[in-house]
Amino acid sequence: HLGLQSLWCDETATLSRVSGNFTYLLNSLWGQGFPPGWYAALWAWLQFLQYTLHIPPGMATTSVYLRTLGAILGSLNVAAAYFLGRQFMSPRTALLVMLLVAVNPFLIYYSRDLKMYPALYLMVTLNMALFLRWQNGRHWIWAPLYILSGIGLIGFDLLGWFLIPVQLIFLIFKRRHRALDAPIWIFSVAVMAACTAGWYKFHSAWLDRAV
């Protein structure tokens, strides 16, 4: 039922931001407080619909086609929930977590929205799953994947920063301490902070207003 409800005011503003070229997209976010990740993904999705699938612009910008991206990300979150659950649960219990995510009305509702929420929930789930997989495993390949998911996390919505204190507490109280765990985690957080600060420094006037 992606087209059951018309676009509401925030969705209309989102559509306006992604309807021009990429420079227009970045300029439209000036001073808005939004990181560019979701809008860049939606802009790329719109380009894919129009220039790869050859869907007419008037049809590609309808609620059904635009909301499909969020619906796909919301569906992927179901699989990501199983991956997260397997880090500290049995396969059967992880399947239960997967089921609860699949039928959660809150998550379903926001997966039908043209905002960044389905992307945020997916990246929260993936980032925490990769963090635990890195901490519980022996292969360092999970660490760079965790860093990439962290960049994506704060690139979609800065609310993702709430995970950082949770992960810090885990690192402090974990039983097995490996020499490189804390430095890699600190480096990851520094990269995320640099991305956030860089975006706000060059694409908003927050520093000037603060001074």
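The values are calculated or read from the model by the stated rules, or taken from the named source; none is laboratory data. Because the structure is a prediction, the values reported are computed rather than measured. Quick reminder, even Gly has a Cβ in these numbers, built from the backbone with ideal geometry, and neighbours come from all protein chains shown. Note: accessible area is taken over every heavy atom of the protein model, side chains too, but ligands, DNA and RNA are not part of it. Shrake-Rupley method; radii C 1.70, N 1.55, O 1.52, S 1.80 Å.
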Full extension from Thr62 to Ile186: what is 0.36 nm times the residue separation minus their Cα-Cα distance, to one decimal in nm? 40.4 nm
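Rounded, prolate or oblate: which fits segment 59-167 when a ≥ b ≥ c are the square roots of the eigenvalues of the alpha-carbon gyration tensor, with rounded for a/c under 1.5 and prolate only if a/b beats b/c? Before the final figure, lay out the partial values.
Values: a/c = 2.30, a/b = 1.46, b/c = 1.58.
It is oblate, given that a/c is not under 1.5 and a/b is not larger than b/c.
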For the pair Leu99 and Leu148, the simple spin-label estimate (label points 7 Å beyond Cα toward Cβ) gives in nm 3.3 nm
Report, largest value first, the span of the C-alpha coordinates of segment 1-69 along each principal axis, in whole Å. 32, 27, 17
Excluding Met98 itself, calculate the net charge of residues whose Cβ lies under 15 Å from the Cβ of Met98, where each Lys or Arg counts +1 and each Asp or Glu counts -1. +2
In degrees rounded to 10, the 0-90 angle between helix 9-18 Cα long axis and the longest Cα principal axis of the chain is 90 degrees
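By accessible area of protein heavy atoms, probe 1.4 Å, what ranking do Leu158, Leu122 get, highest first? Before the final figure, lay out each step's value.
Details: Leu158 45, Leu122 15 Å².
Heavy-atom accessible area, descending, gives Leu158, Leu122.
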A convex hull over the alpha carbons of segment 11-129 yields, per residue, a volume in Å³ of 107 Å³
Once the piece of chain linking Ala79 and His54 is laid out straight, how much longer is it, given 0.36 nm per residue of separation minus the C-alpha distance between them? 6.0 nm
Which of (i) 16.2; (ii) 13.9; (iii) 11.4 is the computed mean projected area of the Cα convex hull in nm²? It is (ii)
